[in-house]
Amino acid sequence: MNREFNNDRGSIVVLCLMIMVLITLGGIAALNMTSVEFQIAGGDKRNLDDFQKAEAGLNYARANFGLIYINDDGAGNPLYTHTHDGDTTYIDTLKVQDASFNNTTALRDILPSIAAVSFIYTRPDADGVDRDIALIEVRCITRLAYTTILSVAANEVPLLNHIGPPPEGYDAKFCGRFFEITSTALGGGGDPTRATIQGGFTYPEELEKYTSWAALF
């Protein structure tokens, strides 16, 4: 009888151990699944945040295109410069065509053949600290842009023909410019993310520019 009792007790112990192992494995699996779900949720949140940043940048550029056009941050300071990381090649290139071109020449005054600018859009957070939101790139899509200062996405926007009949009341050839805006969300370290939104834009003053640029096409 003792032998049978010991056998039964041993079976119960083994069964309990097996149950404990199964419970442990189930708990580990549940933790792993929860961790994966947290990672997915975190990735979705980052993607949504990046999309919202890119969209905010595009909305800012459209709402403030007048300031981009004249290179003014709204307080009388340049919004962008043309010496990207100390590279003056862009300035030297345009000086060949226009001796008056300098480090802060406005988009308005850059010849359409190489008209392209970029800057970082910042916005204060809840503590009033300016945070990088998006990289804004603007180029005239009459000609190919000067590629070293713009991203691949900004340069890949197709060109448009800007030659057409003059607006009513004008007797000269019409040559207005269309602009393309590329807004790319910036991550926590200030690096561009994969969230990019693009949109076109026209500006009323461009309707006045026609004869002096006609020879460029």
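Since every read-out is calculated from the coordinates, none of them should be taken as a lab result. Nothing here was measured: the structure is a model prediction, and the numbers come from that model. Positions of Cβ are generated from backbone atoms using ideal geometry, with glycine treated the same way; all protein chains shown enter the neighbour counts.
So what does log10 I(q)/I(0) come out to for the range 67-107 at q = 0.28, 0.31 Å⁻¹, using the Debye formula with one equal point on every Cα and no solvent?
Values returned for q = 0.28, 0.31 Å⁻¹ are -0.94, -1.02.
Highest first, please rank the peptides 182-189, 85-92, 68-75 by the mean number of other Cβ atoms sitting within 10 Å of their residues.
Most protected by this proxy first, the peptides run 182-189, 68-75, 85-92.
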